[in-house]
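The values are calculated or read from the model by the stated rules, or taken from the named source; none is laboratory data. Since we're looking at a predicted model, the values are computed, not measured. Neighbour counts run over all protein chains shown; Cβ positions are idealised from the backbone, glycine included.
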Amino acid sequence: MNIPAAIMYLYPDADPMQDFIVQDNGPEPVLHPGAAEKGRVRYEIKPPEDGEEPQEGVHYRYGIDYNLLTEGEDYDLVEKGPYIAVWKLDAPQPTEAELQAAWEAYQEAEANKPPVLTELEQLQQENLLLKAQNNALSERADFIEDLIAEMATQVYS
């Protein structure tokens with residue numbers, strides 16, 4: 001499903017550059033139970049000053065070093081797909097079911113839409129129309145000419 005297209009189908013006046021952001025982070029690691037302790041690493045942010053007690057978040061933080069872990073044993077890479085990361089519209093954020101329904105309606109509307117013609121195809125169609133109009137006017141002129149000739153024959157006889 002194309003989430004931005006579905007949102008634009010639901011809210012045609014929305015500005016996709018300001019009103020919402022759809023994001024796809026790609027495959028993300030999901031830790032198995034117990035693997036967090038195995039890959040936990042303490043990262044120093046700044047050293048405490050003399051007499052100061054080290055405080056987590058100010059002087060250090062803990063993180064997971066995936067180089068110390070084994071993919072498949074300690075963690076798996078999971079593709080979560082695209083999602084709505086930012087929603088700034090006044091309307092409520094659509095649910096997954098609403099987005100899916102809007103996507104199907106969008107696809108149906110696009111399938112029923114007449115094909116967009118290139119400039120050359122438009123000129124060719126216009127040329128055919130002008131030729132048909134020219135032929136119709138020529139036939140009408142011939143018909144009027146025949147009528148005038150027939151009327152002249154009856155008047156002069």
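Computed quantities for the displayed model
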item	result
Flag for I45 being β-branched (V, I, T) and either touching a helix residue (DSSP H, G or I) at 6+ places or on another chain (Cβ under 6 Å) or within 30 Å of A6 (Cα to Cα) (or both)	no
Residue list for segment 6-46, restricted to those being among the hydrophobic types (A, V, I, L, M, F, W, C), assigned to a helix (DSSP H, G or I) and surrounded by fewer than 16 Cβ atoms within 10 Å (Cβ to Cβ)	A36
Meets criteria (out of contact with any Pro (no Cβ under 9 Å at 6 or more places or on another chain), at pLDDT below 95, closer than 30 Å to L10 by Cα and part of a helix (DSSP H, G or I)) for Q107	yes
Residue that is farthest from the chain's Cα centre (by Cα) [pool: residues in segment 47-72 that are part of a strand (DSSP E or B) and of a type outside the set (F, W, Y)]	E56
Selection status of A35, over 15 Å from L99 (Cβ atoms), of a type outside the set (K, R), touching a residue at least 24 places away in the same chain (Cβ under 8 Å) and out of contact with any His (no Cβ under 7 Å at 6 or more places or on another chain)	yes
Pairs, first closer than 27 Å to M8 by Cβ in segment 19-30, second in a loop (DSSP other than H, G, I, E, B) and among the basic types (K, R), C-beta under 6 Å, six or more apart	D19/K88
Qualifying residue in segment 83-92 (condition: part of a helix (DSSP H, G or I), exposed (fewer than 10 other Cβ atoms within 10 Å of the Cβ) and either without any contact (Cβ under 8 Å) to a residue 40 or more places away in the chain or over 33 Å from the mean Cα position of the chain (by Cα) (or both))	no
